[in-house]
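Asks: Got a structure for you, written out below as structure tokens; questions coming shortly.
The values are calculated or read from the model by the stated rules, or taken from the named source; none is laboratory data. Since this is a predicted model, take the numbers as computed values, not measurements. Heads up, the Cβs are rebuilt from the backbone with ideal geometry, glycines too, and the neighbour counts pull from every protein chain shown. When the accessible area is computed, the model is the full protein with side chains, heavy atoms only, and any ligands, DNA or RNA have been set aside. Shrake-Rupley method; radii C 1.70, N 1.55, O 1.52, S 1.80 Å.
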Amino acid sequence: MKAEKIPLLFGIVLIILLAFLIVWQADVLGVSAGRLEQDARANQDIKSSWEVAKDVNEEMCAMLFYDEEKEECSYSIYLSREGFSYGYFYRQGGPDAYIAEGVKGIVFEDKGIALLSMNEDRVCRVVVEDDGRAVEKEISVDPERPFAIVLPADCGAITMYDAQDNIVTLYDTYTGI
């Protein structure tokens, strides 16, 4: 009787192993929200001493890593996928001169907009309007620190202000690759 159970047990283990390999190869297992920073640091060789500014919603995660002197930076964008999948998947990242000099906007049409900046312009608030009529959302930003902000894809006009209430221009906006 025990000899009959060994092949059955072996078959079950083999089926579980094959199912795991199929799921792994299908690339449906992403990175959990709690491990995004750790994954970005490991995959992009970002030093553990660098600080991070990040924002996450259900569709996207934007992270901006920078050194203590705020002389170097690197960013990471992770997106969720439609359908049968779990977690977030790396989309793009690396060093970027626009982020160091101003505010960079990256638009993913169906996922949202990521605003990333080392904050040389001293942005202190971001206002998102709904069709130019009413303020939909106002986000406070520390003018002394870099920032990463994730906005929904269907948000209205985005206006940024410095501490003197001057409008800060979003110079670089493009559709993510």
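Asks: What's the ranking of 148-154, 94-100 by average number of surrounding C-beta atoms within 10 Å, highest first? Could you put the intermediate results ahead of the total?
Replies: Values: 148-154: 18.0, 94-100: 15.3.
Highest mean packing first, the order is 148-154, 94-100.
Asks: Quick check: Cα centre of the range 140-173 to Cα centre of the range 44-114, how many Å?
Replies: Result: 16 Å between the Cα centres.
Asks: Oh, and also: So, R0 is 22 Å and r is the distance between the beta-carbons of residue 13 and residue 33; what FRET efficiency does that work out to, to 0.05?
Replies: Working: r = 32 Å, r/R0 = 1.44.
Once rounded, the FRET efficiency stands at 0.10.
Asks: Accessible area of the range 30-145 with a 1.4 Å probe: how many percent of it is carbon plus sulfur? Before the final figure, lay out the partial values.
Replies: Working: 2640 of 6170 Å².
Roughly 43 percent of what the probe reaches on the range 30-145 is carbon or sulfur.
Asks: Quick check: residue separation of residue 71 and residue 140 times 0.36 nm, minus the Cα distance between them. What number comes out in nm? Could you put the intermediate results ahead of the total?
Replies: On the way: separation 69, 0.36 × 69 = 24.84 nm, distance 2.34 nm.
That works out to 22.5 nm of additional length.
Asks: Further question: What FRET efficiency, computed as 1/(1 + (r/R0)^6) with R0 = 30 Å and r the Cβ-Cβ distance, is obtained for residue 58 and residue 169, rounded to the nearest 0.05? Walk me through the numbers before you get to the answer.
Replies: Numbers: r = 29 Å, r/R0 = 0.97.
So the FRET efficiency works out to roughly 0.55.
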